[in-house]
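See structure below.
The values are calculated or read from the model by the stated rules, or taken from the named source; none is laboratory data. If you're wondering where the values come from, they're calculated on a predicted model, not measured in any experiment. Here Cβ is always computed from backbone atoms with ideal geometry, including for glycine, and neighbour counts include all displayed protein chains. Just so you know, the surface numbers come from the protein's heavy atoms only, side chains and all, with ligands and any DNA or RNA stripped out. Shrake-Rupley method; radii C 1.70, N 1.55, O 1.52, S 1.80 Å.
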Amino acid sequence: MKDITNPAPDFAALHFAALAAGRDSRRQSFGLRERRAALSALERVLRANRAAIGAALRADLGRPEAETDLVELLPILSEIGHARSRLHRWMRPRRAAPTLAMLGTFARVMPEAKGVVLILAPWNFPLMLCLAPLVSALAAGNAAVVKPSEMTPATGELLARLVAEALPADLVRVALGGVEVAQALLEQPFDHIFFTGSPAVGRKVMLAAARHLTPVTLELGGKSPVIVGPDADLAQAARWIIWGKVMNAGQVCVGPDHVFVHASRMAELRAALVAEFARQGGDIPRIANPRHHARLVALAQDAADKGATVTALGADDPAGLRLAVTLIEGQGPEMAVATEEIFGPLLPLIPYDDPMQVVAQINAAPKPLALYVFARDRGLVDLVTSRTSSGSVGVNLTVMTFSHGNLPFGGVGNSGMGAAHGQAGFETFSHLKPVLRNWASPLPLVFPPYGARVRRLIGAMVRWL
Ligand code: NAD
């Protein structure tokens, strides 16, 4: 397996060819039992290496081990458990009842493995965003090449070792390296590409995929707003908002980006956020690298220069690349923070009087990946849910729309396309193949030549069907 770390020009082609070679035989032999065994092997190796995983994430992102357990390991293990126990149902061909014109036929939908898939992952949840899609890909019976982000090298190398230990090299390969490796892989005719990352790179992935007409799932980012209603439980809102900004230092695709708060509750929410940060903000992971740290500092500075009040809720540690949750009040449309995905612990608080103003602002911006409402009143929740479009909606919580095994997860418009997790993830990596069997179809009665009797029958069909 040493060759997997070698970004020689033709290594991507070799990876692809090695996995594609087994495509036909896998179709025969990679049944329920084998898929479950692969998932169990992955689970075993993850459980056995919990400490090593914690250490890798500590090295790459300064992440506390408890947070790594919660936001990397747990989602993968629950994805594995969920898939393993339901796989027999997902794989089973589903009957489709005949429509009138199809009387005399028998129809089934057979989920079929797509073949060899490519999974490209970002750095912010470097293990989970490689392995959660891999679980779905394996459950659906595919072979896969997984490319973790070059920005989290300790996790990438550990992942390559764990995958090589758990799974055969003709089923899954981990390709380590940077953008040039991703580009070399994108040259290959994969059967599906599952990309998680920024909208800008998502466009490039889709362009590359077009060359082979490879279907893509794009799990992208964007600005996920929070709306705090006039009757919201503010202690609850503050708890979830601060959690979304402290977790991974706010470098979370579904993290709350900015908060629209009813003007009558602005002061109270601010106080609740200050108190909640004092409670949760002890051990914040660091910003991924100096470039992102400088980007966030510049965003806050730009807002301050243009008249916003910027308040850090704790001490910053520039040398350690650590930032406290930082409130931005008085945000204006000319500030970069109003349009750029923040992806960090800055938190604009924007007062509103009329919820329709908020709806209009959300609809004027690219479609968010997630949208959160804190309210007791169903009216505000229904208004926002029905008048805006977003990948998902969370009510009285943040982030968790990502984690529900029975809910599809994905974006819409600028925040992505396609769905992940559970059965939706299984179907993403499957071709749902219709098989239609004729046992007594009367349709030959209307085959040519179109004599008077056939024309009458067709006329009756047009009238009655
Ligand atoms: P990124 O788009 O820079 O990189 C993602 C992957 O693409 C990496 O593996 C990288 O090597 C590869 N890549 C980079 N440039 C490439 C190119 N020109 N051609 C081909 N591949 C290339 O994203 P990132 O900075 O690692 O992650 C942050 C972004 O990801 C944010 O926008 C965030 O919102 C988004 N995100 C989305 C989700 C989701 O589930 N929807 C989850 C996490 C992060």
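Once both labels are positioned 7 Å from their Cα atoms along Cα-to-Cβ, the gap between residue 94 and residue 339 label points is 4.2 nm. Working note: Karplus 6.51/-1.76/1.60 with θ = phi - 60° gives the range 28-37 the couplings 6, 10, 8, x, 3, 5, 5, 5, 4, 5 Hz, where Gly and Pro are set to x.
For residue 306, the lysines whose Cα falls under 24 Å of its own Cα, not counting residues fewer than eight places away in the same chain, are 223, 245. Taking a ≥ b ≥ c as the square roots of the Cα gyration tensor eigenvalues, the chain comes out oblate, since a/c reaches at least 1.5 and a/b does not exceed b/c.
Extension gain, residue 13 to residue 101: 0.36 nm times the residue separation minus the Cα-Cα distance gives 27.0 nm.
Return the FRET efficiency for the residue pair residue 294, residue 85: r is the Cβ-Cβ distance, R0 is 60 Å, and the value is rounded to the nearest 0.05. So the FRET efficiency works out to roughly 0.85. A full extension of the chain between residue 460 and residue 233 corresponds to an added length of 75.5 nm, given 0.36 nm per residue minus the alpha carbon distance. Just grab the label-to-label distance for residue 436 and residue 211, each label 7 Å out from Cα along the Cβ direction, in nm (one decimal). Computed distance between label sites residue 436 and residue 211 equals 3.6 nm.
Within the range 233-340, what whole-number % of the accessible surface is contributed by carbon and sulfur, with the 1.4 Å probe and all protein chains included in the calculation? For the range 233-340, the apolar C and S fraction of the accessible surface comes to 57 percent.
Our coupling estimate for the range 420-433, obtained by passing each phi through the Karplus curve with A = 6.51, B = -1.76, C = 1.60 and θ = phi - 60°, is 10, 6, x, 5, 4, x, 4, 6, 4, 8, 10, 9, 8, 9 Hz, Gly and Pro reported as x. Sites listed here are chymotrypsin sites (Phe, Trp or Tyr not before Pro) in the range 361-460 whose DSSP assignment is loop and whose Cβ has at most 14 other Cβ atoms within 10 Å: 439, 450.
I'd like the antiparallel share, as a percent to the nearest 5, of DSSP beta bridges with both residues in the range 225-402. For the range 225-402, the DSSP antiparallel bridge percentage is about 20.
Across the range 225-402, C-alpha contacts under 8 Å between residues 6 or more apart give a mean separation that, scaled by the residue count, equals a relative contact order of 30 percent. Among 212, 248, 222, whose Cα lies farthest out toward the positive end of the dipole of the range 204-288, if unit charges sit on the beta carbon of Lys, Arg (+1) and Asp, Glu (-1)? Value: 212. For the range 352-369, 3J(HN,Hα) computed residue by residue from phi via the Karplus equation (6.51, -1.76, 1.60; θ = phi - 60°) reads 9, 10, 10, x, 5, 4, 5, 4, 5, 5, 5, 6, 7, 9, x, 5, x, 6 Hz, glycine and proline entered as x. Annotation: for a label point projected 7 angstrom from Cα along Cα→Cβ of residue 378, residues of the range 388-402 with backbone N closer than 16 Å are 395-396.
Spin-label model, residue 33/residue 179: points 7 Å from Cα along the beta carbon direction are separated by 4.8 nm. About its Cα centre, the range 1-133 has a charge dipole of approximately 860 debye under the convention of +1 per Lys or Arg Cβ and -1 per Asp or Glu Cβ, with nothing else charged. Cross-link partners for residue 114 among the lysines, with Cα-Cα distance under 23 Å and sequence neighbours closer than 8 places in the same chain left out: 147, 204, 433. Would you work out if the range 225-402 is rounded, prolate or oblate? Take a ≥ b ≥ c from the square roots of the eigenvalues of the alpha-carbon gyration tensor; rounded if a/c is under 1.5, else prolate when a/b is larger than b/c, oblate otherwise. Prolate. Ligands, DNA and RNA are left out, and with a 1.4 angstrom probe the accessible area of the chain is 43 Å² per residue.
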